[in-house]
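A.B. asks: One structure coming up, written as structure tokens, with questions to follow.
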Amino acid sequence: MNKKLFFSNPKEAFRQNIEQFLDVIRQTVWNGELCDGPEVKSFEKAFAKWCGVSCCSGVDSGTDALFLGMKALGIGQGDEVIVPANTFCATPMAVKYNQAVPVFCDCDANTWEILPCSVERCITQKTKAIICVHMYGQSCEMEPILQIAKEYDLLVIEDCAQAHGALYRGKKVGGLADLACFSFYPTKNLGAGGLAGCVLTEDVSVKEMIDHLKSFALDRQTGDHTQIGYNMRMDSIQAALLEYKLQFLDADNHRRKEIAKAYYDQIHNPRIRFQTVCSVCDPVWHLFCIAVNDRDRFMAHMQESNIICGIHYPVPCHLQRAFRDLHDSANSLPNSEYLSEHCVSIPMYPTMTDEDVARVVDACNRFGG
Ligand SMILES: Cc1ncc(COP(=O)(O)O)c(C=O)c1O
């Protein structure tokens, strides 16, 4: 039997360089400041530079990056924040952690990214911000969103958890709006050896506020805790691993693009629909999501070839039990609902060999009616 291929495989990247990773961990342990140590400052600087943004605050997850980022921007009780229904639950949950209200909009039928006309329909007197989630590694169409934000005086936050290095009109995501949040969950394009995340901003005072809040709101001069803060710091081992892995991120993203190109060029099955790539976007393919009509049968067919697919995501946020009370059931979000019923993630990770890619192509092409 062929080796098993998964839709994502972070373990393989660690396995191929395990001695180097262990050296990084060893060095960090000997340095002795295991939480929020100098490795964190060093990674913050390196990642901000890589993204072309001036300030970075490392935190303990992408979810907490969203929570703290919104808090630092002053989003709170009763504020409405527009969020695409086609995202991971962490995006709207972080809105709720701030006692604000997620308002769900639809995604585009072809790019599967946030749909500007649907955003505009969600705006009320209470709207404070829009969160653009760059899904699957492709940037959102930012210009119309930024235009709407300007017209209605709204903040724009980028959720870059799935798009480290994606370009929009030649510029990296993370520096396209008021603030950006990244996840370094192990499966991400830049993945830690556990949980980690960060916030990027051009505003030094926002960075300082996040640094303050993530560390129990401690005033280091006086020893005073100035408000109720949080314990959401990045740990030093994750920061050191991330900085070590950052040097390979461009090459990894390049390999993801090669694999995506092979899929687009070589999968010729009318039963399979692809995500449309917007002409001004250069995606980094965190996930390779396709849409098929008979998803269960497709996944079983792939499994027969030892290819394990995923679903991102099976229930759109507005229909999740956690959020259902927030959404008027008469107001459907048809593109997000379609996607949740038809999307499948086929294997996409930089350590895939050409032979692995050919197996996926072949299995997709053999899927019949
Ligand atoms: C779009 C999106 N936002 C936020 C998150 C949350 O990141 P984390 O798992 O690091 O908390 C994820 C992670 O899976 C994500 O995909």
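Read-outs throughout are calculated quantities, based only on the coordinates presented, and are distinct from any laboratory measurement. These figures come from a predicted structure and were not determined experimentally. Cβ sites come from the backbone with ideal geometry, for glycine too, and all protein chains shown count toward neighbours.
A.B. asks: Taking Rh as the Kirkwood radius computed over C-alpha pairs, what is the Stokes-Einstein D of region 46-170 at 10 °C in a medium of viscosity 1.306 mPa s, expressed in µm² per second?
C.D. replies: 108 µm²/s
A.B. asks: So, one more: If each residue's Cβ is checked for other Cβ atoms within 10 Å, how do Ile131, Ile346 rank with the fewest at the top?
C.D. replies: With the fewest neighbours first, Ile131, Ile346 line up as Ile346, Ile131.
A.B. asks: Tell me, what is the FRET efficiency for Arg297 and Glu258 to the nearest 0.05, using R0 = 30 angstrom and their Cβ-Cβ distance as r?
C.D. replies: About 0.55, to the nearest 0.05.
A.B. asks: For region 245-271 and region 183-212, what is the separation of their Cα centres, given in Å?
C.D. replies: 25 Å
A.B. asks: Pairs Lys49/Lys257; Lys45/Lys245; Lys96/Lys128; Lys71/Lys96; Lys188/Lys257: which exceed 18 Å Cα-Cα?
C.D. replies: Too far apart for the 18 Å limit: Lys49/Lys257.
A.B. asks: Could you let me know the centre-to-centre spacing of region 101-157 and region 1-79, using Cα atoms, in angstrom?
C.D. replies: The two parts, judged by their Cα centres, are 26 Å apart.
A.B. asks: Any idea how far apart Asp362 and Arg121 come out in nm if each label point goes 7 Å out from Cα toward Cβ?
C.D. replies: Result for the modelled spin labels: 4.5 nm.
A.B. asks: Continuing with this model, one more query. Under the rule of at least 5 residues apart or a separate chain, name every residue whose amide H is placed under 5 Å from the amide H of Cys35.
C.D. replies: Ser236
A.B. asks: Here's something else I'd like to know. Determine the percent antiparallel among the DSSP beta bridges restricted to the chain, to the nearest 5.
C.D. replies: 60 percent
A.B. asks: Can you give me the orientation-averaged projected area of the convex hull built on the Cα atoms of region 185-270, in nm²?
C.D. replies: Result: 9.1 nm².
A.B. asks: A further question on this structure: Tell me the label-point distance for the pair Glu19, Lys41, using the 7 Å Cα-to-Cβ offset, in nm and rounded to one decimal.
C.D. replies: 3.3 nm
A.B. asks: Which order do Lys214, Lys150, Lys71 fall in if you start with the one that has the fewest other Cβ atoms within 10 Å?
C.D. replies: Least to most surrounded, the residues fall as Lys150, Lys71, Lys214.
A.B. asks: Ranking request for peptides 56-64, 8-16, 322-330: highest mean number of other beta-carbon atoms within 10 Å first, then the rest in descending order.
C.D. replies: Packing order, densest peptide first, comes out as 56-64, 8-16, 322-330.
A.B. asks: May I pose another question? For region 10-243, I need the span (max minus min coordinate) of the C-alpha atoms along each principal axis, in Å, sorted largest to smallest.
C.D. replies: Dimensions of region 10-243 along the principal axes of its Cα atoms: 55, 46, 27 Å.
A.B. asks: Return the long-range amide H neighbours of Val103 (sequence gap of 5 or more, or a different chain), with a cut-off of under 5 Å between placed amide H atoms.
C.D. replies: Sorted by chain and number, the residues that satisfy this are Val81, Ile82, Val83.
A.B. asks: Using mean Cβ contacts within 10 Å as the protection proxy, how do 76-85, 276-285 order, highest first?
C.D. replies: My ranking of the peptides, most packed first, is 76-85, 276-285.
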